[in-house]
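Quick notes on the structure that follows.
The values are calculated or read from the model by the stated rules, or taken from the named source; none is laboratory data. This one's a predicted model, so the numbers in the text were calculated from it and none came from an experiment. With ideal geometry, Cβ positions are generated from the backbone for all residues, glycine too; neighbour counts draw on all protein chains shown.
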Amino acid sequence: MALESPRVRFAPAPSGYLHVGSARSALFNWLFAKRFSGTFILRIEDTNADLAKPEFYQAITTPLEWLGLRWDEGPFYQSERTEKYIEAVANLIDSKLAYCCECTREEIDTRNKETGFQGGYDGYCRNREVSDGPGITIRFMTPKTGIVEIDDLVRGKVEFQNSELEDFVIRRGNGTPVFLVANAVDDADMRITHVIRGEDLLNTTPKVILLWEALDFGKPPKYAHLPLLVGDDRKKLSKRRHSVALSDFRNQGILPEAMTNYLALLGWGPPDEKEIRPIQEMIDLFDLENVNKSPAFFDEKKLRHINGEYIRALPPEDFVTLAISYFEETDWQPTNLNRQALAILAPDLQERTEILADLKPLVYWIFEENIPEETNEKELKKIGKAMQSEKVAEVLDLVITQLKDCSWDENSIGEVISGVGETLSAKSQVPVRIAVTGRRIGLPLYKPMAILERSLIIQRLIDARSKLA
RNA sequence: GCCCCGUUCGUCUAGCGGCCUAGGACGCCACCCUCUCAAGGUGGUAGCACGGGUUCAAAUCCCGUACGGGGUACCA
């Protein structure tokens, strides 16, 4: 399909953190570039100086790097290329394809109200020869007839009547050009061959193409509009409505590989339906023509599942390294963190970890001196009700006695606890677990118990026992 | 309102006229395994929006209707 190697761009506006919808667009561009040995360009669309804040730039690059989506060229900043756009606007004015307009929004609205005109701007200044100056906007002279036809790689043929398009603003009253001009100029300048972006931009495409033709840029790039990512309300993912910052997922312990894997599955699927696979295989199979047309729901449950698969597939040593660096980056630094203990428990932990944030409750009792008391007491009482507290007390008493002089290893500990259960015909494991870990559920008990000091375990059992009295 | 796009299990998808009594995955439910919880295994649940065509044959093609979404800015 692509004879020459394609050049694509990811062109976000710096308006806060990067969210998963943008990340998906970036990923598809990247996949496409990789698939056809093309070039992936990062371009920051900060034509609107009011919105673009410097700290937002990193908010784009950091998550992209985290995901492993390296760009080959850029980042280019449109704010640094303003002259080019101004020049383009001037060209359009010279060739009578654009004109100065002094109308304010209010004036336009008032006129439209009176005349009942519904097509946006009414063309009031089209032939008024308004001269340029402060506060004057430039509008493109949209052809009154004809159509713009887009052969969208995802959607097929899409047609827009020129008569439906208003004379849109291409330069603001403050002299800065809008993104439509910047888009056309940059895509031409950077020799972009394929524009891959969200469907929310589909309606702006005819305007850019009209500008493109008016500027005599030759053959426009091919377009591919991806289905939108939506939230549980079925509306476009937005920062306002949904919590979708890439950095949040990172903080929760989503692995970048899992994230890209999941994102690749939204709006597209490998033909053989094998969903979880290395990114290289995704690249080899990727094809824009198989991208779906309908919006995709961003399903965090499935993301978590995929993440769990990735975590389980990790070699234990890698998992340990990952867990340690995760702890370093996040809010909880285990006091007695012990790499060796982590290594011993790694396989058991991996099975129970969907996201890295799941680790804290699993290992808290192992790496901290004290377990949360409230939990401990509450849980004990709960189990006490089910089993009768005397029984629980009996179990703990006997376990304490026997644990004091058994040999201190996984098997012996297990034998003691299950032995007590048998002699008292009670469930012994759960009360001990609560006493020692503070929780009713968790890792298989005996292995991590053996890692800790006997004295510490005994002490916790005694503490718990005393709360029952 | 107008323009544009879309519609296969709750969700993501396979399907590009006969292989479909519609397949997979997530979720959910049950059972097995089991020191709790997981993981794993087995089974189950549930879908072609509707109405007309075209055709020997339609989830697949065409036209309507309904519903959903996007856009409609001196945001991108």
Checklist entry - Which numbered condition trips up A:Trp212, out of (1) more than 30 Å from A:Leu180 (Cα to Cα); (2) away from RNA strand B (no atom under 11 Å from the Cβ)? => result (1)
Checklist entry - Could you count how many residues in the stretch A:171-191 are in a loop (DSSP other than H, G, I, E, B) and either basic (Lys, Arg) or more than 8 Å from RNA strand B (Cβ to nearest atom) (or both)? => result 4
Next on the checklist: Condition first: near RNA strand B (Cβ under 9 Å from one of its atoms), closer than 17 Å to A:Gly119 by Cβ and in a loop (DSSP other than H, G, I, E, B). Now tell me which residues in the stretch A:143-170 satisfy that.
Outcome noted: A:Leu165, A:Glu166, A:Phe168
Checklist entry - All but one of (1) of a type in the set (Ser, Thr, Tyr); (2) within 48 Å of the chain's Cα centre (by Cα); (3) assigned to a loop (DSSP other than H, G, I, E, B) hold for A:Ser425; which doesn't? => result (2)
Checklist entry - What are the residue pairs meeting all of these: first residue in the stretch A:284-310, first residue closer than 16 Å to A:His242 by Cβ, second residue surrounded by 16 or more Cβ atoms within 10 Å (Cβ to Cβ) and modelled with pLDDT under 95, Cβ atoms under 6 Å, and 6 or more apart or on different chains? => result A:Ala296/A:Gly267
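Take the residues in the stretch A:425-438 that are near RNA strand B (Cβ under 10 Å from one of its atoms) and modelled with pLDDT of 90 or more; name whichever of them is farthest from A:Leu396 (Cα to Cα).
By that ranking, first place goes to A:Thr437.
Each row is one residue, and each column tells you yes or no for (1) buried (at least 18 other Cβ atoms within 10 Å of the Cβ); (2) within 22 Å of A:Thr137 (Cα to Cα).
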| residue | (1), (2) |
| --- | --- |
| A:Arg172 | no, yes |
| A:Val185 | yes, yes |
| A:Arg191 | no, no |
| A:Val195 | yes, no |
| A:Gly198 | yes, no |
| A:Thr205 | yes, yes |
| A:Leu211 | yes, yes |
| A:Ala214 | yes, yes |
| A:Gly218 | no, no |
Checklist entry - Is there a residue being more than 9 Å from RNA strand B (Cβ to nearest atom), modelled with pLDDT of 95 or more and not in a helix (DSSP H, G or I) anywhere in the stretch A:256-276? => result no
Item to check | the stretch A:289-303: number of residues that are farther than 22 Å from A:Leu314 by Cβ and either within 12 Å of the chain's Cα centre (by Cα) or away from RNA strand B (no atom under 12 Å from the Cβ) (or both) | outcome: 2
Next on the checklist: Out of the residues in the stretch A:216-238 meeting the condition of being outside any loop (DSSP other than H, G, I, E, B) and charged (D, E, K, R), tell me which one is farthest from RNA strand B (Cβ to nearest atom).
Outcome noted: A:Lys222
Item to check | Output for the stretch A:233-254, where each listed residue is closer than 18 Å to A:Lys301 by Cα and either crowded, with 20+ Cβ neighbours inside 10 Å or over 12 Å from the mean Cα position of the chain (by Cα) (or both) | outcome: A:Asp233, A:Arg234, A:Leu237, A:Val244, A:Leu246, A:Phe249, A:Arg250, A:Gly253, A:Ile254
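Within the stretch A:17-43, can you find the residues that are farther than 20 Å from A:Val230 by Cα, touching a Gly at 6+ places or on another chain (Cβ under 8 Å) and either free of Cβ contacts under 8 Å to residues at least 40 places away in the same chain or not basic (Lys, Arg) (or both)? First the steps, then the outcome.
Of the residues in the stretch A:17-43, the ones farther than 20 Å from A:Val230 by Cα are A:30-43.
From the residues that got through so far, the ones that are touching a Gly at 6+ places or on another chain (Cβ under 8 Å) too are A:32, A:41-43.
Hits for the stretch A:17-43 are A:Phe32, A:Ile41, A:Leu42.
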